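**Q** Next up is a structure, given as structure tokens.
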Amino acid sequence: MLRGVGPAYEAAFGENGIETVRDLLLNLPYRYVDRGSVLKIGELDRRPIHADIEREIVTVLGVIKDLRQTTTRVQRMALMEALIDDGTGSLRLIWFNQAYLARVLKPGDRVLVFGPLSMGRHGLEMRGPAFEIMGRGGDVSEDLWVRRFLPLYRKMGPLTGRVRQRLVQEALPRIHVPEEWLPMELSRGLPDTLSALRLLHQPTDESDPGELESHATPAHQRLASEELFAFALGVTLRRAGRMKRRGMVVPTSPELRERLKAFLPFRLTGAQRTAFKEIVDDLTSGRVMHRLLQGDVGSGKTLVAFLAMAMVAETGGQAALLVPTEVLARQHAATFERLLGEEAPRMQLLLGAMKAAEKRAAQERIASGEARYIVGTHALFQESVAFSKLELVVVDEQHRFGVKQREALKGKGLDPHWLVMSATPIPRSLALAIFGDLEQSVLDELPPGRQPITTRLMDPDGAERAWDLVERELDTGHQAFVVSPAIDPTDEGKVQLRDIQAMEGLIRGRFPETPIAVVHGRLKSEELETRMEAFVKGEAKILLATTVIEVGVDVPNATVMVVDHAERFGLSQLHQLRGRVGRGKAPSHFVMISGSETERLQALVETHDGFRIAQRDLELRGPGEFFGTRQSGLPQFQVADLVRDRQLLAKCREAAEKVAQRGLSEAQMAWLKQEQARLKLAEIS
Ligand code: ADP
Ligand code: MG
């Protein structure tokens, strides 16, 4: 590929999704140092020494003259000292507890350092500066980099920023300009691909580093458009393909309507009614339904899912509900049994943890078609499960059931309708990115009679009030959730974190008479089941949990939830947790205990709107972290960002619609294939 790229570098690149020269070039600098502002060390000295200069961040470039490793006398900390010189003077650099620097820095290295200036015992010094090794020795003024702006790249394992810099500079002149493949409406006013890459890796002296760093230039727009357009085109073509597939038509009739109505325990909300109507339209359209049902926690998605399943099941087909955990599967099965009443025997539960004989019996009922409503975990889609007439699959929240699994089902000759339920409302663009092409229904209304939930944020020092609140609720016969974050042992000691054992001790000490169920990720599924059951039945009064997902149970008698170390959770996750109380007849309480990030958490105190909270969360954490990075199946964009570039994506989607209608040129088709592989997008089928 490139000179000097051995197996170690190649592996480091591979881990970061860089496989080709193009990938290398799309991985942009994270910072541009304005060399106009690289200061001379000799001049630092002459700057007025007063309070203001303390902690001023400056950049200097010098050669390491002296390097020494010692230990501090008092605290026995490893201390690394370097003296750098740039011909006009020398400056002392100091790092604490970074012993690895001894392996990184060598006398004679030319380094670019940025850090805070302070006054030390021996004059000006810089503590804990960030640095880039620019090369070895030489005269600083003769630096290879004659341009004003110096692009800096993140280190990737053994690949230093400096090596990346060299590889990029070598690669730039060697790539060819691809044939224009963006449609006019997108490319207008933008530099071509090659010029864009040049502008970003070798900025001109007129560039604005702020704009470069915030991805706000036309050059960025060119590269982001290429990624987003490929993505949008892929989704559009996929949809066009789906529109051509023949979906099973569910026959409707007045009798069916009456039958479904008879199942309903309450009046549907307006939003539920609309969503269900949209689903009915899909199921009777002759096309394959592919719909996302979004709704805030507690908005009643289960009932809509049930109705959709009943449409299919009551007209001779089978419908399956896929849920993330066994506890939730059992709970949904119980709900379905209640709704079905006399027809309950039509329902079948299938779990991975079932005993062999029980499982076999379940599978037989599914294969024979005796079971019409099927509820289960992933076990539902194992090889050994044969369906007799699977027409609809509903996927419940928090389940990463993606394009791949759907393809696997298609491989088995199954092409059912799909309904995906998401409790974390996300913008449509992101939904497309995660679930592929789909339509969307939104439940933007809560069922009537919801009890208000009071949300409070408490400092750990004042948390006693939280336990008083729990005590009051327990005294009136209610139940309580306590959520403790799962703590990685390597985190401990870093900050003061209270793990679940400590929390259990605290609760048992505070409520010695109260039966408590404790669940965490390391429990065997049977044990977890038993403990959860105890809480659901009301035998245990407090549920202490680390596994957030298990808190997805519906226990209307629970009226208070306390979340410890709330800062460790995402806003949407906290909002989900909050939705577990306020489901019964009594007003409820949600308490977050946290000593940090209070500003972020305050958002939950201020609003109950899950859509707004999700939006805020996305902005703060970015889509990768929001969805739990790679496993989520998000496209691996290098330049584009689904949240930041929303508007650009909207434009790309419009353009993709037009191109798909006109038909793709051969160049576009080839490009698309290549981009889909690069971005790890699902293949167009
Ligand atoms: P989610 O959307 O979070 O999955 P659920 O489906 O669990 O919400 O519904 C939350 C609660 O609201 C359940 O207890 C359910 O029985 C109740 N519910 C659902 N629809 C209605 C309705 N139309 N009227 C009254 N209560 C409803
Ligand atoms: Mg639900």
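Read-outs throughout are calculated quantities, based only on the coordinates presented, and are distinct from any laboratory measurement. Bear in mind the structure is a predicted one, so any value in this text is a computation, not a measurement. Cβ atoms come from the backbone with ideal geometry, glycine included; neighbour counts cover every protein chain shown.
**Q** If I histogram all Cα-Cα distances within the chain using bins 20 Å wide from 0, what percent of pairs lands in each bin?
**A** Going from the shortest bin to the longest, the percentages are 15, 39, 34, 11, 1.
**Q** Which entries of Lys651/Lys680; Lys355/Lys680; Lys412/Lys673; Lys155/Lys673; Lys359/Lys412 have Cα-Cα distances beyond 28 Å here?
**A** Lys355/Lys680; Lys155/Lys673
**Q** Now for a separate question. Cα centroids of the stretch 446-520 and the stretch 117-135: how far apart, whole angstrom?
**A** Cα centres, the stretch 446-520 to the stretch 117-135: 46 Å.
**Q** Before anything else, pin down the relative contact order of the stretch 345-470: Cα pairs under 8 Å, at least 6 apart, normalised by residue count, whole percent. Write down the numbers at each step before the final one.
**A** On the way: 99 pairs, mean separation 22.5, N = 126.
RCO, the stretch 345-470: 18 percent.
**Q** Find the Cα radius of gyration of the stretch 460-594, compare it with 2.2 N^0.38 Å by division, and give the number to two decimals.
**A** The reported ratio for this selection is 0.98.
**Q** Another question, if that's okay. Using label points projected 7 Å from each Cα along Cα→Cβ, tell me how many nm separate Thr70 and Glu185, to one decimal.
**A** Roughly 6.9 nm, to one decimal.
**Q** Size of the dipole of the stretch 568-681 about the Cα centre, Lys and Arg at +1 and Asp and Glu at -1 on the beta carbon, nothing else charged, in debye to 20?
**A** On the way: 19 positive and 13 negative charges, 73 e Å.
Magnitude of the dipole: close to 340 debye.
**Q** Check which residues have an amide H placed less than 5 Å from Ile487's amide H, if you skip close sequence neighbours.
**A** Residues meeting the amide H criterion: Ile500.
**Q** For Tyr100 paired with Ala11, estimate the spin-label separation in nm (one decimal), with each label point 7 Å from Cα along the Cα-to-Cβ line.
**A** 1.6
**Q** At a threshold of 8 angstrom on Cα-Cα distance, excluding pairs fewer than six apart, so keeping six or more, what relative contact order does the stretch 7-211 reach in percent?
**A** Here the relative contact order equals 23 percent.
**Q** Can I ask one more? Roughly speaking, what is the stretch gain from Gln451 to Thr160, that is 0.36 nm per residue apart minus the C-alpha to C-alpha distance, in nm to one decimal?
**A** Working: separation 291, 0.36 × 291 = 104.76 nm, distance 5.61 nm.
My answer for the length gained is 99.2 nm.
**Q** On to the next question. What are the ³J(HN,Hα) couplings of the stretch 74-85, residue after residue, when phi is run through the Karplus curve with 6.51, -1.76, 1.60 and θ = phi - 60°? Round to Hz, x for glycine and proline.
**A** Working through the residues one at a time gives 6, 9, 6, 8, 5, 10, 10, 10, 9, 10, 10, 9 Hz.
**Q** Which order do the peptides 251-259, 475-483 come out in when sorted by mean C-beta neighbours inside 10 angstrom, highest first?
**A** Result, highest mean first: 475-483, 251-259.
**Q** Okay, moving on. Rounded to the nearest 20 Debye, what is the dipole magnitude of the chain about its Cα centre when Lys and Arg each give +1 and Asp and Glu each give -1 at the C-beta?
**A** 1020
**Q** Still on this structure, I have one more. Provide, as a two-decimal number, the C-alpha radius of gyration of the stretch 7-211 over 2.2 N^0.38 Å, N being how many residues it has.
**A** It is 1.19.
**Q** I need to check one value: relative contact order of the chain, counting alpha carbon pairs closer than 8 Å and at least 6 residues apart, in percent. Each step should come with its number before you reach the end.
**A** Numbers: 1160 pairs, mean separation 88.9, N = 685.
Relative contact order comes out at 13 percent.
**Q** From the residues Gly413, Ala313, Ile613, which one has its Cα farthest along the dipole of the chain in the positive direction, the dipole being from +1 and -1 charges on Cβ of Lys/Arg and Asp/Glu about the Cα centre?
**A** Gly413
**Q** In debye to the nearest 20, how big a dipole does the stretch 460-594 give about its Cα centre with +1 on each Lys and Arg Cβ and -1 on each Asp and Glu Cβ? Working shown, then result.
**A** On the way: 16 positive and 21 negative charges, 66 e Å.
Here the stretch 460-594 has a charge dipole of around 320 debye.
**Q** Oh, and also: Summing -39500 (n - 2.57) over the DSSP H runs of n ≥ 4 in the chain and dividing by its residue number, what mean residue ellipticity at 222 nm do you reach, to the nearest 500 deg cm²/dmol?
**A** About -11500 deg cm²/dmol.
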